[in-house]
Every structure is written in structure tokens, then in C-alpha cells.
Amino acid sequence: MVTPAVKREAVAHLKTNHEMSERRACRVIGCQRMTVRYRSRRPDDPVLRERLRALARERRRFGYRRLLIFLRREGFTVNHKGFSASTGGTPHGAHRARTR
């Protein structure tokens, strides 16, 4: 499974180094042109992400709902959907499942 970002980089590489058109580069790689042209509207918030990781490290037992309350108390404006997207895929950005 290749991420869309990697596909964009591959198309850009083919376009610059091999002087290929965008259509042909997408056909060679096997991705849609809209994947290459997509630009995210969501602003990246590194301050929020870092604070979330710090809270998750401090309070390891708390779930995302409780951490969201802490962030809102500190003045961050974020809803539950943006919150889950801002963690970068992991539940809290810092937690790992413990094996027994």
C-alpha cells in the first residue's frame, strides 16, 4: 500500500527527470491524476500536535475524549473530527499497545 504523498513524489520525479507529461507519469505509476493534483485544505498545526503528544505522555491512562477536554481548556479550537485527524493515525500520537 503506497500513500498518495509517495505517488505524488514519484510523478514529480518522472516529470522532472524523465521529461514525462503528468498523464503519462500517472499511467506508468498506476495512479489517478486527481491524486497527484489534490491539495489538502486542512491546515497543519504542529503546536496542537506537539501539545497533544505531551498530554498523552503525561496522562497515559486518558483517552482521546479526555485529552480533547484538556486541549479545549488550554484554548485550542478543535472539534472531535479534526482532533482524530490531527493525531497522525495513531490514537493519541504517543500511545502504543502493551504486549503481555
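What follows draws every value from the coordinates through simple rules; no lab data is involved. Predicted model, so just to flag it, every value in this text is computed and none were measured. Positions of Cβ are backbone-derived with ideal geometry, glycine not excepted, and every protein chain shown enters the neighbour counts.
HN-Hα J couplings of the range 67-72 from phi, Karplus 6.51/-1.76/1.60, θ = phi - 60°, integer Hz, Gly and Pro as x?
5, 5, 5, 4, 5, 5
I'm a student and want to see the number: the projected area of the Cα convex hull of the range 46-86, averaged over all directions, in nm².
Details: hull surface 10.2 nm².
Computing the convex hull of the Cα atoms and averaging its projections yields 2.5 nm².
With each pseudo-label sitting 7 Å past Cα toward Cβ, what's the R61-T16 distance in nm, one decimal?
Computed distance between label sites R61 and T16 equals 5.1 nm.
Read phi for every residue in the range 3-18 and hand back ³J(HN,Hα) as whole Hz from Karplus 6.51 cos²θ - 1.76 cosθ + 1.60, θ = phi - 60°, with x for Gly and Pro.
Once θ is set to phi - 60°, the couplings for the range 3-18 become 6, x, 5, 5, 5, 4, 5, 5, 5, 4, 5, 4, 5, 7, 7, 10 Hz.
For a bin width of 10 Å, list the pair-distance distribution of the range 13-87 built from all Cα-Cα distances, rounded to whole %.
The distribution over the range 13-87 is 16, 34, 14, 20, 16, 1, given as percents.
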